[in-house]
Amino acid sequence: MERLDKILANTGRWSRKEARELIRAGRVSVDGVTARAPEDKADPAAVFTVDGENISGEKQVYLMLHKPAGLVSATEDPRQPTVLELLPEHLRRVGLFPAGRLDKDTEGLLLLTNDGPLAHRLLSPRHHVDKTYFVRVDGALDREDAEAFAAGMTLADGLACLPAGLELLDTPDTAIVTLREGKYHQIKRMLAARGKPVVYLKRLTMGPLSLDPALEKGEWRPLTAEELAAIRSV
């Protein structure tokens, strides 16, 4: 038997505080009986509903994180802090991992989940899941850079990059980059090859998922039902 607020929080859809508020508002039922006290104990195998929606047996968790610079996209690292350290303890125990890595100094959208098949679909180049990034470089980007990205690039070290998008913005040192793959330091390496090294990088979208502008750096939230349906359709 476990506390009811803990059972709800373990789904990843609500924080412990949000779970307590749902229970006190009478929006949660256990085996058809409305629950009132967050501290009440329940069998995790019982039938749970929130606002009439059956959430029983939910084990897969999907979180949107606004990754700040300074953290590595890993589940653990002996030398550096990881993005999972931004989460409360109960969410660190459900097997979450980053679906696609961001460099330590890169900010922006990161999906944390324990759904391996979904993460594989989102990351596989054959599924053509576009990812967009805001980039600022040391230098001035121009049409020739955009044409080089569009044609696909083979770098001096032999890395072959698929055609990518480079949308020039109003200021000459900024652009929106669109990739369909995610090779190691790819954007940085491509722009370095153009003689315009990256000084700032932020991921904005991943397929149909866009970074929530209300999330501050380091903040996270569960995906909405609409967002989850969209990424599951990829």
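The values are calculated or read from the model by the stated rules, or taken from the named source; none is laboratory data. Computed from a prediction, not measured in an experiment: that's the story for all the values here. Because the Cβ atoms are built from the backbone with ideal geometry, glycine has one as well, and the counts that use them run over all protein chains shown.
Just so you know, in the stretch 81-101 the residues that are modelled with pLDDT under 90 and either acidic (Asp, Glu) or part of a helix (DSSP H, G or I) (or both) include one that is surrounded by the most Cβ atoms within 10 Å (Cβ to Cβ), and it is 91. Confirm whether residue 227 is touching a residue at least 60 places away in the same chain (Cβ under 8 Å), within 25 Å of residue 62 (Cβ to Cβ), in the same structural domain as residue 83 (by TED's automatic domain parsing) and surrounded by 15 or more Cβ atoms within 10 Å (Cβ to Cβ). Judged against the criteria, residue 227 is a match. For the condition part of a helix (DSSP H, G or I) and either at pLDDT 95 or above or within 16 Å of the chain's Cα centre (by Cα) (or both), residue 111 does not qualify.
Condition check ((1) in the same structural domain as residue 214 (by TED's automatic domain parsing); (2) within 16 Å of residue 209 (Cα to Cα); (3) free of Cβ contacts under 8 Å to residues at least 24 places away in the same chain; (4) in contact with a Lys or Arg (Cβ under 6 Å, 6 or more places away or on another chain)) across all residues:
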site: 86; (1), (2), (3), (4): yes, no, no, no
site: 110; (1), (2), (3), (4): yes, yes, no, yes
site: 139; (1), (2), (3), (4): no, no, no, yes
site: 178; (1), (2), (3), (4): no, yes, no, no
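Looking at the stretch 1-29, which of the residues that are of a type in the set (Lys, Arg) and within 28 Å of the chain's Cα centre (by Cα) is nearest to residue 52 (Cα to Cα)? Only one residue fits best here, namely 13.
Considering 117, 78, the condition of being surrounded by fewer than 12 Cβ atoms within 10 Å (Cβ to Cβ) and outside any loop (DSSP other than H, G, I, E, B) is satisfied by 117 alone.
Identify, by number, the condition in (1) crowded, with 18+ Cβ neighbours inside 10 Å; (2) within 30 Å of residue 16 (Cα to Cα); (3) of a type in the set (Lys, Arg) that residue 217 doesn't meet. Going through the list (1) crowded, with 18+ Cβ neighbours inside 10 Å; (2) within 30 Å of residue 16 (Cα to Cα); (3) of a type in the set (Lys, Arg), residue 217 breaks only (1).
Taking the criterion of being crowded, with 17+ Cβ neighbours inside 10 Å and acidic (Asp, Glu), the only residue of the stretch 135-150 that qualifies is 145. A count restricted to the stretch 1-59 and to residues that are in contact with a Phe, Trp or Tyr (Cβ under 6 Å, 6 or more places away or on another chain) and in contact (Cβ under 8 Å) with a residue 40 or more places away in the chain stands at 2.
The set of residues in the stretch 168-192 being of a type outside the set (S, T, N, Q), surrounded by fewer than 15 Cβ atoms within 10 Å (Cβ to Cβ) and closer than 13 Å to residue 136 by Cα consists of 169, 170, 172.
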